[in-house]
Amino acid sequence: MDKNFNSRRDFIRKSAGISAGLMVGGILPGFSAESYRRIMGANEMLRASVMGVNSRGNALAQNFAFQKNCEVIHVCDVDSRATEKCIGTVEKVQNKKPQGFVDFRKSLESKDVDLLVIAAPDHWHAPAALLAMQAGKNVYLEKPASHSPREGEILVEAAKRYKKSIQMGNQRRSYPNVVEGIEELKNGIIGRPYFGKGWYTNNRGPIGVGKKVAVPDWLNWELWQGPAPRMDYKDNIVHYNWHWFWHWGTGEALNNGTHMIDLLRWGFGVNYPVKVSSNGGRYHYSDDWETPDTQVINLDFKEGVSMSWEGRSCNGKPIEGSSVGVVFYGEKGSLFIPGGNEYTVYDLKNNVVKQVKDTKEVDPRDAANPSSHLDSLHIRNFFNNILSGESLVADIDSGHKSTVLVQLGNIAQRVGHSLEINPENGHILGDKKAQKLWSRDYEKGWEMKL
């Protein structure tokens, strides 16, 4: 059993009580509850800087600001519009205006910053996390852990060297009903599980053929590129379409597949595979999109289990009635976990054996948006790790392993054949062409160095 599994269950039971204790304590005479919350002391109050706040980062900044033992003091983005918007969002939540930065490295220079939240494009994830740890900061890192497998290895090494907390944004590891479902799986509710399938479906439109145009005055294109070798600015890259270019992005496999592969790896209790294959391509439109819009990744493990992930970016037909999810198949039945906080168990005749639905109860300490509640559990686990040493439910070692599985799928896709893998470390065996994709090229001066 995963050594952190019991701590996950303990966390679900205790997190509400711990957070309440951090929030409500005795109020000093002359202070309001809100003002007291902001002066709780260096050992209980955490100050956050958020990097990359155009979309997901804006939501994360709001959620971190809602936590009673956290204050978002810095907002960092190369898009001045995104920075201004996020500053306004955070100020409304915590009644205090954070400072804005174009270059997050300036934020890291501040002794007031305890942690960096990273929601920038994929090519920034690992380099930014490394710089943060080297600056003495803890890190909350959105998926994927890295742009290339070697970057993930460096982060695992860095977390040990610099002794900082780094939580991966695999939030489903903190969803109470998902935790319960995985526990049921490990306790044998469907017998021995031997195959798992994950998926993501959507109806994304074309991105067209980009034109070289002047960089908008609101964008620092040089810093947006950061660690990646320089390329000309085109009008179909920023903000979202970078996902579909290998130079900066990692395709749908790491954009959404990381979450489902992580659930499958968690449920099976496996680390690295022995064989990986991938089939698919860019089929739907003729445009600049480079990564597959249709992809099936298959992974075989020495433990006698297999898993697959199916991504369809341009055909949103759901599987099992859900656009995203996983199914574990076993000797006595199957266990289905859709995208939310729920699961269903079936016997071999497809009869429902057990069904646990999301109650959608919202903790009043959380953000006004109910969907933020479950993410808050993950954030609190990160805080509790920093403040009291509680085990992380999604540490960087775990996050790296799950990320590598889909990265290997992408490498198999790019070289056009299956890969033999060392199950001890995930490294590619006997394939020089594929091994070249284990790491990436950097802009001079931006190389990741421990």
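The values are calculated or read from the model by the stated rules, or taken from the named source; none is laboratory data. Please read all numbers here as calculations on a predicted model, not as lab measurements. Backbone-built Cβ (ideal geometry, glycine too); neighbour counts: all protein chains shown. Note: accessible area is taken over every heavy atom of the protein model, side chains too, but ligands, DNA and RNA are not part of it. Shrake-Rupley method; radii C 1.70, N 1.55, O 1.52, S 1.80 Å.
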Matching residues in segment 338-357 - criterion: being assigned to a strand (DSSP E or B), under 17 Å from Ile261 (Cα atoms) and out of contact with any Ser or Thr (no Cβ under 8 Å at 6 or more places or on another chain): Tyr343
Number of the condition not met by Arg172 [criteria: (1) touching a His at 6+ places or on another chain (Cβ under 8 Å); (2) over 26 Å from Tyr285 (Cα atoms); (3) part of a loop (DSSP other than H, G, I, E, B)]: (3)
Selected residue [at pLDDT 95 or above, under 17 Å from Thr403 (Cα atoms) and either open to solvent by 20 Å² or more (accessible area, probe 1.4 Å) or in contact with a Ser or Thr (Cβ under 6 Å, 6 or more places away or on another chain) (or both)] from Pro127, Pro144: Pro144
Breaking point among (1) surrounded by 21 or more Cβ atoms within 10 Å (Cβ to Cβ); (2) closer than 13 Å to Lys197 by Cα, for Pro338: (1)
Test: residue in segment 43-64 that is buried (at least 24 other Cβ atoms within 10 Å of the Cβ), outside any helix (DSSP H, G or I), in contact (Cβ under 8 Å) with a residue 24 or more places away in the chain and among the charged types (D, E, K, R): no
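Kindly evaluate Glu252 against the criterion of being crowded, with 24+ Cβ neighbours inside 10 Å and under 30 Å from Gly226 (Cβ atoms).
On the way: crowded, with 24+ Cβ neighbours inside 10 Å: yes; under 30 Å from Gly226 (Cβ atoms): yes.
In short, yes.
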Check on Arg265, among the charged types (D, E, K, R), within 26 Å of Trp124 (Cβ to Cβ) and without any contact (Cβ under 8 Å) to a residue 40 or more places away in the chain: no
Those residues of segment 147-170 which are surrounded by 23 or more Cβ atoms within 10 Å (Cβ to Cβ) and β-branched (Val, Ile, Thr), in sequence order: Ile166
Number of the exception - Val326 against (1) surrounded by 22 or more Cβ atoms within 10 Å (Cβ to Cβ); (2) within 19 Å of Gln413 (Cβ to Cβ): (2)
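Yes/no matrix, rows are residues, columns are (1) in contact with a Gly (Cβ under 7 Å, 6 or more places away or on another chain); (2) open to solvent by 10 Å² or more (accessible area, probe 1.4 Å):
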position: Phe268; (1), (2): yes, yes
position: Val274; (1), (2): no, yes
position: Asp293; (1), (2): no, no
position: Lys317; (1), (2): no, yes
position: Ser334; (1), (2): no, yes
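Can you tell me which residue among Val93, Val139 is farther than 30 Å from Val404 by Cα and surrounded by 15 or more Cβ atoms within 10 Å (Cβ to Cβ)? Show your work before the answer.
On the way: Val139 fails: farther than 30 Å from Val404 by Cα.
Criteria check complete, one pass: Val93.
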Residue within segment 61-78 that is aromatic (Phe, Trp, Tyr) and under 18 Å from His125 (Cβ atoms) present: yes
Some residue of segment 104-115 being charged (D, E, K, R), open to solvent by 10 Å² or more (accessible area, probe 1.4 Å) and outside any loop (DSSP other than H, G, I, E, B): yes
Given (1) assigned to a strand (DSSP E or B); (2) in contact with a Gly (Cβ under 8 Å, 6 or more places away or on another chain), number of the condition His243 does not satisfy: (1)
